[in-house]
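Reviewing the structure listed below.
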Amino acid sequence: MSVDHSLLDPPKLPFEPLIERNAVITEQPWVRWLLTALALVFLSAFLLLPLVSVFVEALRGGVHAYFAAFKEPDALAAIKLTLLTAAIAVPLNLVFGICAAWAIAKFEFRGKQILITLIDLPFSVSPVVAGLIYVIIFGAQGWAGPWLAAHDIKIIFAVPGIVLATIFITFPFIARELIPLMQEQGQDDEQAALSLGASGWQTFWNITLPNIRWGLLYGVLLCNARAMGEFGAVSVVSGHIRGKTNTMPLHIEILYNEYAFSAAFAVASLLALLALLTLGLKALVEWRHADELAATRRH
Amino acid sequence: MDIHIRDVSKRFGAFRALRDVNLDIASGELIALLGPSGSGKTTLLRAIAGLESIDAGQIKFGEEDAARLPVQGRRVGFVFQHYALFKHMTIGENVAFGLSVRDKRHRPAAAEIQRRVQELLELVQLPGLEKRYPNQLSGGQKQRVALARALAIEPRVLLLDEPFGALDAKVRKDLRRWLRALHDRTGYTTIFVTHDQEEALELADRIVVMNRGGIEQSGSVDELYEHPATPFVFDFLGSTNIIEADVLGRRLVHQQKEIATLHDSIHPNGPVDVYVRPGDLRAVEANSPGMDVFVRWVQRTGPIVRAEVNLSGTETVLTVELPHLHHDVPLFKADARLRLRMMQFSLYPRGSRLPSRSVVEPPILIGRERERARLS
Amino acid sequence: MRARTFTPIPGFSLTLGVTITYLCLIVLIPLAGVFFKAAGLGLEGLWNTLSAPRVLASLELTFGSALIAACANAVFGLLVAWVFVRYEFPGKRLFDSTIDLPFALPTAVAGIALTSLYAGNGWIGQFLEPHGIKVAYTPLGIIVAMTFIGLPFVVRTVEPVLREAEKELEEAAASLGANRWQTVSRVILPAVGPALLTGFALALARAVGEYGSIIFIAGNIPMVSEIAPLLIIIKLEEFDYAGATAIAAAMLVISFTLLLAINGLQAYVRRRKA
């Protein structure tokens, strides 16, 4: 077996040459090339192509048709409803996420692990089931159905139901980001602040918040992306009433089923752009603030 | 197995980790590579193992040029500072690993492997632990398993990279003694890397002091401690007082005061640095050759009494150390005036002090003057 | 759940109270509702609903496809994680950000994009169809969609473990005489095993419940390519609340079992590492 003895990656710091990976513990070049090629082909086929195709199909009818798709009243209504839903769901889940992470990371109590598992629950529930559970309670034949009908409050097949279902689905996102982050950071900083005379609120705003800001940002971005893009759960509770209870994903479905492909992809491209923005911001934060991120993680 | 290292150089990018290193190691020796971080000691060890390549020079195992062989074929036993035990395997599987990866022709039968594992675990005094997992063992035990694993392949040389660096002080001391006993018993050629001079002084047959990629001095404990060739070696092996002085004939003069008389006139006249250990200063009578000092403070730290003294009439400050029961101790009181003599010291040309890292020249081996005063 | 040792940090009651209240209102009570309703059917009623051929077929299809997709993700996810942790190549950062795409991209968008790609006249479909491989509107399409959404789970779970693997372990193996393949298969991969299993289970759980990415590319033909979530919606539209609830309860049981298995795995990994 011939072995390449040359050093592959010169070290970046002159006095720490030992952290680099050298020929002894690397595969031969042809193996590396093959594996890399395989991985990239797989990623391209499954990730990049679908992404690119969204934009290509959206612009297939030309730029005019592209923008016309958004001026259509139903589309506008869908966009507004999506934004409204996210505007309610994300802040609520943000408050919850912070409370949960604070309680779990800064205190010791029995049942902590159970709590964490419960918070993860919506993650493992199918979106359709998530919609169903609210139909069962608030639907016309549900528990609260008669009471709601009597008071003329509509939840299912109306906006409140959509908001509720979205809150359920995006429930764990921010908490899941913050809990491990704050657990890793421990309690030292907060205890130091308190010993210097800060109140609980001051400690939270001035000490904890700056420490968790990047994890918080990413959690909010993900939560928002999911809130705007949720399909299954909203599909169950919305009633698909055009112009009233259709979010953007539902509108996409309607357009697609009516064979208005370009329009469907046009609306889809907006959501795809949002996804790209989310990923881009995450990459930017990781790149620019890698040191800060590492420092706050490794307490 | 003799090892010969000839003119070995190694760069990492712009950084020269090893510069034309030459070293011979006799079979069965226990050698310490001692030096600060960045001195190249670990790089040299890894180069011998084949874990690093070298840019120039030769490493020979006996008559064989090791560069032809990758690390898998060199049959070296390498022990890492953080043990590098395979966490998902039992202790027995760890120790047997080197034997189990051999190809069919060279692999012993399963029963034979088992027997060897048992034997080795007994050798390192961990009998019966075959079925445990590494995370159930203490640091000291893990390191012994790592050693057993390295010994399983009957290596030509045993290489240990700061083997006790990750352990508590007490465990470290115990394992040092244990390693020495093991070496005496098995006779393997052993090279270990350390930055702890006490460890090197205690364990090794021979110490190789390295600095900035080169070897400063290589020799027995006595040679290094009593006859340090360079200021670096002197300072690295123990605490140091440095006095700037001038040689004038047979007199050593510091700020116009004579501080010592030289027995020979080997050393040419001129400015020098005087290196003297705190433990080599003793109180003498008022009319003996020596220097007048003023005691600033005295500190008793258990077995050692430490004092800081001022050379009278100067700003120069020296540290003195005495065993706590030494008969001179009562003389050292704050504000006392005494006369001290340097019982043993080294002279080096002025300015050849520990070079800072930005200087590029290699350290120069220089002649030195030794002065041994007879105790009066 | 109230017992705790002293701590100077304030806010325990407040934050825990908010957490538990919110959790109960949004998650626990509604979920309990499903089980109550399902229980209302009685064991026999449940059995009758669930053993109907159409329901069985959909559950089999959903779970079976998810299993295959999760296996594909395990293999390719490990490959991707390996390549990204250990090798350098141009555009790595770009590719790395796209791995999280299935997390951020809405399921409906993914659904229509995948369908248009794999349909007979799509960019990929046009090459496959002449060879008789139909992806769109068949169970194969379901597997493709499930692979898409499960992709980041394995990669992101395995990556940190690979990254942390000390290179000393590989050097030790090499110094003991192991060749590269032996080192990889006997030292590195076993260490990654638990993380891989966790990622697999996460991908599986996600695929089982997925709806939006799949219904566009699946044929949605009963008994052939109809996934369980779709059946739930159909039953709701037919006002068969009992039927829908029964299937939902079955799916919840599957999900919770998977969730417990995953948490158990993660706890096991933590204990082994300590």
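The values are calculated or read from the model by the stated rules, or taken from the named source; none is laboratory data. All figures in this text were calculated on a predicted structure; none of them were measured in a lab. Note that we place each Cβ from the backbone using ideal geometry, even for glycine, and neighbour counts take in every protein chain shown. What goes into the accessible areas is simple: the full protein's heavy atoms, side chains included, and nothing from ligands, DNA or RNA. Shrake-Rupley method; radii C 1.70, N 1.55, O 1.52, S 1.80 Å.
Shielding by partners for peptide B:75-85, expressed as the average number of C-beta atoms from other protein chains within 10 Å of each residue's C-beta, is 4. What would the Debye equation give as log₁₀ I(q)/I(0) for the stretch A:58-214 at q = 0.16, 0.17, 0.21 Å⁻¹, counting only Cα atoms as equal point scatterers? Summing over Cα pairs of the stretch A:58-214 leads to -0.99, -1.03, -1.25. The value obtained for the stretch A:40-150, namely the Cα convex hull volume divided by the number of residues, is 228 Å³ per residue.
Inter-part distance, the stretch B:146-164 to the stretch B:1-79, computed on C-alpha centroids, equals 16 Å. Each Cα pair of the stretch C:226-274 feeds into the Kirkwood radius, which the Stokes-Einstein equation turns, at 25 °C and 0.890 mPa s, into a diffusion coefficient of 195 µm²/s. For the stretch B:91-135, the percent of C-alpha pairs falling in each 5 Å distance bin, counted from 0 to the bin holding the largest distance, reads 5, 24, 31, 22, 11, 5, 1. Alpha-carbon geometry of the stretch A:150-299: the Rg and the Dmax are 20.5, 66 Å, given in that order. Ligands, DNA and RNA aside, residue C:123 has an accessible area near 80 Å² when probed at 1.4 Å. Rg/Rh for the stretch B:1-125 (Cα atoms only, Rh after Kirkwood) is 1.02.
Look at the alpha carbon pairs under 8 Å that are at least 6 residues apart: their mean separation over the length of the stretch B:141-229 gives a relative contact order of 22 percent. In the stretch A:82-195, Cα pairs under 8 Å separated by at least six residues give a relative contact order of 46 percent. Only helices enter the 222 nm calculation for chain C: every DSSP H run of n ≥ 4 contributes -39,500 (n - 2.57), and dividing by all residues gives -23500 deg cm²/dmol, rounded to 500. Each residue, residue B:174 and residue B:294, gets one label point 7 Å from its Cα in the Cβ direction; the gap between the two is 5.1 nm. Diffusion of the stretch C:123-274 by Stokes-Einstein, at 4 °C in a medium of 1.567 mPa s and with Rh set to the Kirkwood radius over alpha-carbon pairs, works out to 70 µm²/s. Peptide B:89-99 shows a mean partner chain C-beta count of 2 within 10 Å per residue C-beta. Could you tell me how far the Cα centroid of the stretch B:268-287 sits from the Cα centroid of the stretch A:31-68, in Å? Distance between centres, Cα-based: 80 Å. Computed over the Cα atoms of chain C, pair by distinct pair, the Kirkwood hydrodynamic radius stands at 21.6 angstrom. Size descriptors for chain A (Cα atoms only): Rg and Dmax, in that order, 24.5, 83 Å. Taking a ≥ b ≥ c as the square roots of the eigenvalues of the alpha-carbon gyration tensor, the stretch C:1-137 is classed oblate because a/c is 1.5 or more while a/b is no larger than b/c.
Per-residue shielding of A:264-275, expressed as the average number of other chain Cβ atoms within 10 Å of the residue Cβ, stands at 4. Summing charges over all other residues whose Cβ lies under 13 Å from the Cβ of residue A:263, with Lys and Arg as +1 and Asp and Glu as -1, gives -3. Peptide packing: for B:337-349, C:207-219, the average count of neighbouring Cβ atoms within 10 Å per residue gives the ranking C:207-219, B:337-349, highest mean first. Rolled with a 1.4 Å probe across the full set of protein chains, the surface gives residue A:80 an accessible area near 150 Å².
Counting every pair of alpha carbons in the stretch B:190-246, the share spaced more than 15 Å apart comes to 47 percent. The Rg/Rh ratio for the stretch B:3-46 is 0.99, where Rg is the radius of gyration of the alpha carbons and Rh is the Kirkwood radius.
Take every Cα pair under 8 Å whose residues are at least 6 apart in sequence, average their separation, divide by the length of chain B, and the relative contact order is 15 percent.
The protein assembly as shown: D in µm²/s via Stokes-Einstein (Kirkwood Rh, Cα pairs, 4 °C, 1.567 mPa s)? Reported coefficient: 39 µm²/s.
Report the far tail of the P(r) of the stretch C:191-274, meaning the percent of Cα-Cα pairs longer than 21 Å. Pairs farther apart than 21 Å: 44 percent.
Around residue B:56, what is the net charge, scoring Lys/Arg as +1 and Asp/Glu as -1 over all other residues with Cβ under 12 Å from its Cβ? Around residue B:56, the surrounding residues sum to +2. With contributions of -39500 (n - 2.57) from each DSSP H run of at least four residues, the per-residue ellipticity at 222 nm computed over chain B stands at -6500 deg cm²/dmol. The ellipsoid equivalent to the alpha-carbon distribution of chain B has semi-axes of 48, 25, 15 angstrom, derived from the gyration tensor eigenvalues as √(5λ) and listed largest first. Of the two radii for the stretch B:228-358, the radius of gyration is 0.97 times the Kirkwood radius, both from the alpha carbons; that is the Rg over Rh value. For residue A:245, the accessible surface of its heavy atoms amounts to roughly 10 Å² (probe 1.4 Å, protein chains only, rounded to the nearest 10). Helix A:248-257 and the longest principal axis of the Cα set of chain A meet at an angle near 70°. Farthest toward the positive end of the dipole of the protein assembly as shown, out of A:239, B:303, C:105, is the Cα of B:303, where the dipole comes from beta carbon charges about the Cα centre. Helix content alone sets the calculated 222 nm mean residue ellipticity of chain A: runs of n ≥ 4 DSSP H residues at -39500 (n - 2.57) each, divided across all residues, give -23000 deg cm²/dmol.
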